[in-house]
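A quick write-up on the structure given underneath.
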Protein chains: 4
Amino acid sequence: MDANEKKVRASFAKQGLMTTLGAEMISVQPGSVEIRCGFNAKFTQQNGFVHAGVITSILDSACGYAALSVAPAESEVLSVEFKVNFLAPAVGEAFVARAVVKRAGKTLTICSADAYAVNGGREKLIATMLATIMNIAEKAS
Amino acid sequence: MDANEKKVRASFAKQGLMTTLGAEMISVQPGSVEIRCGFNAKFTQQNGFVHAGVITSILDSACGYAALSVAPAESEVLSVEFKVNFLAPAVGEAFVARAVVKRAGKTLTICSADAYAVNGGREKLIATMLATIMNIAEKAS
Amino acid sequence: MDANEKKVRASFAKQGLMTTLGAEMISVQPGSVEIRCGFNAKFTQQNGFVHAGVITSILDSACGYAALSVAPAESEVLSVEFKVNFLAPAVGEAFVARAVVKRAGKTLTICSADAYAVNGGREKLIATMLATIMNIAEKAS
Amino acid sequence: MDANEKKVRASFAKQGLMTTLGAEMISVQPGSVEIRCGFNAKFTQQNGFVHAGVITSILDSACGYAALSVAPAESEVLSVEFKVNFLAPAVGEAFVARAVVKRAGKTLTICSADAYAVNGGREKLIATMLATIMNIAEKAS
């Protein structure tokens, strides 16, 4: 595991929300990240589907960590903004978010990400995100 | 409590995620909704602030229910898409999302919403959303 | 030229703005469209680059017509909303917008599109759009 | 006219697109800007309404200049990204875009803006933008 992947995985492990959601970081490559979480009735909306905010959460973490995977060694990242389109109900046994860097700048990195519902091993596209992430100087901690 | 408020509050009560977040629906008026949740370390990102996805979740529910509060009696609502800008870290004892309808159409309703961090009774603007919500025929259940 | 391409090209020809910009529809396939326009000092911002609004205009038309290319025969399309990220200054001899349909629904179609600056035959990614388009019943005219 | 307003108006005057659209800067206050342009058949879409890209152009310039009106003296501004919702067809004698700063940071400024169609002196809300603008060091020129 290289230094960037180590840094990404260490930061992910500190996200209380990802632990609470039971989310796992499946893969980290330079400029791309995959996060997966299982269905849980504790995270639903009124129809029993997974809440848009939960799908957004794994998409956002995936975008942030895709950006971090190519950021300078001394940087942390921060979500400036994102847009998400919801394409189909979040119905599935599990949900996967895959983010890629579209452009990495000195200050800002732009990522896109897709979310899929997994049913019986088959994936269906359910949401897509376009996100702006900012590099900031790492805080001593 | 009028019929629309009753319908909004009943739907909110069925959102597993809102229960899990400890979120409360503070106010429902025709065309506006306020949702509040307390800080909880289970919902944080890597710096111990509340995760952007959680702030997005209460903003999204607020927008959806603001739209539902003015929708035809037989309609349900669905989030088509939203954009969120994060203006300051989500640091606070509690977080409030306030949504208003900007335009209610037959099929689509556009809402804007702001999120605030509450500290010692003072509010600070931390995020703002612009959302598109769709009216759909209510499912028999 | 099939019926859908004919419909797309006929509608594009009626867009006064595309004529004014000198924009051409380079290609129409089911679910994808390419539009190109040359540099013109009449469409710049304060630094002499092409204005973000012009790049947005060809991205928006590309998304709308990608959606129309797969819409029911009796439908027109309408831009509900879009988001654009600007990745590099719009400096070039010409600009190309390429849109693809990510999901075509009965009422709403979601498209993504990228814009490129062309210099000496080489393309550089300068902007990316995520758009929501609505099918509406065609007006008799 | 104070130094910031002078800087904003001088930059606006250099935007070839605004001249081409016949757009005027109606008002500049610290943190808010108003731009207006008349209807012109050269800037329409297929139904004879003003093209979404034109409404976006005046919204974008309004947001950029609202940000510039509160930026440090030595800064220029750049559009990072924006989202626009279209609420009603752009039908009118003239169109007005009004932008306000929601948060001005050292690097990034977030603005919201509304666009109105003007008919017989009455205004109708037709579009709304949420935009991220970046301060950059002014280029010597």
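Quick rundown of the values:
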quantity: Residue check for residue B:78: out of contact with any Cys (no Cβ under 8 Å at 6 or more places or on another chain) and not acidic (Asp, Glu); calculated: yes
quantity: Members of the range B:1-32 found to be away from every other protein chain (no Cβ under 14 Å) and aliphatic (A, V, I, L, M), listed by number; calculated: B:1, B:3, B:26, B:28
quantity: Candidates A:93, A:74 - the one that is surrounded by fewer than 16 Cβ atoms within 10 Å (Cβ to Cβ) and either of a type in the set (Phe, Trp, Tyr) or without any contact (Cβ under 8 Å) to a residue 60 or more places away in the chain (or both); calculated: A:93
quantity: Count - residues of the range A:65-88 that are more than 8 Å from chain B (Cβ to nearest Cβ), touching a strand residue (DSSP E or B) at 6+ places or on another chain (Cβ under 9 Å) and either hydrophobic (A, V, I, L, M, F, W, C) or under 15 Å from residue B:53 (Cα atoms) (or both); calculated: 9
quantity: Test set (1) over 25 Å from residue C:82 (Cα atoms); (2) at pLDDT 95 or above; (3) not in a loop (DSSP other than H, G, I, E, B) - residue D:64 fails condition number; calculated: (1)
quantity: Residue match in the range B:35-43 (condition: buried (at least 24 other Cβ atoms within 10 Å of the Cβ), more than 9 Å from chain A (Cβ to nearest Cβ) and either among the aliphatic types (A, V, I, L, M) or not in a strand (DSSP E or B) (or both)); calculated: yes
quantity: Residue that is farthest from the chain's Cα centre (by Cα), among those in the range A:105-131 that are surrounded by 19 or more Cβ atoms within 10 Å (Cβ to Cβ) and more than 23 Å from residue B:133 (Cα to Cα); calculated: A:108
quantity: Some residue of the range D:16-25 being surrounded by fewer than 20 Cβ atoms within 10 Å (Cβ to Cβ) and either part of a helix (DSSP H, G or I) or out of contact with any Cys (no Cβ under 9 Å at 6 or more places or on another chain) (or both); calculated: yes
quantity: Criterion (small (Gly, Ala, Ser), modelled with pLDDT of 95 or more, closer than 14 Å to residue C:67 by Cβ and within 12 Å of the chain's Cα centre (by Cα)) met by exactly one of C:32, C:11; calculated: C:32
quantity: Residue match in the range A:49-71 (condition: within 19 Å of residue B:42 (Cβ to Cβ) and of a type in the set (Phe, Trp, Tyr)); calculated: no
quantity: Hits in the range A:99-121 (condition: hydroxyl-bearing (Ser, Thr, Tyr), away from chain C (no Cβ under 11 Å) and part of a strand (DSSP E or B)); calculated: A:116
quantity: The one condition in (1) polar (S, T, N, Q); (2) farther than 22 Å from residue B:15 by Cβ; (3) in contact (Cβ under 8 Å) with a residue 40 or more places away in the chain that residue B:109 fails to fulfil; calculated: (2)
quantity: In the range C:86-104, the residues that are charged (D, E, K, R) and within 15 Å of the chain's Cα centre (by Cα); calculated: C:98, C:102
quantity: Of all residues making up the range A:73-97, the number that are at pLDDT 95 or above, outside any strand (DSSP E or B) and over 15 Å from residue A:129 (Cβ atoms); calculated: 4
quantity: Hits in the range B:48-57 (condition: surrounded by 17 or more Cβ atoms within 10 Å (Cβ to Cβ) and either in a loop (DSSP other than H, G, I, E, B) or out of contact with any helix residue (DSSP H, G or I) (no Cβ under 7 Å at 6 or more places or on another chain) (or both)); calculated: B:49, B:51, B:55
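The values are calculated or read from the model by the stated rules, or taken from the named source; none is laboratory data. What you see is a predicted model; the values in this text were computed from it and never measured. Here the Cβ is made from the backbone with ideal geometry for all residues, glycine too, and neighbour counts use every protein chain on show.
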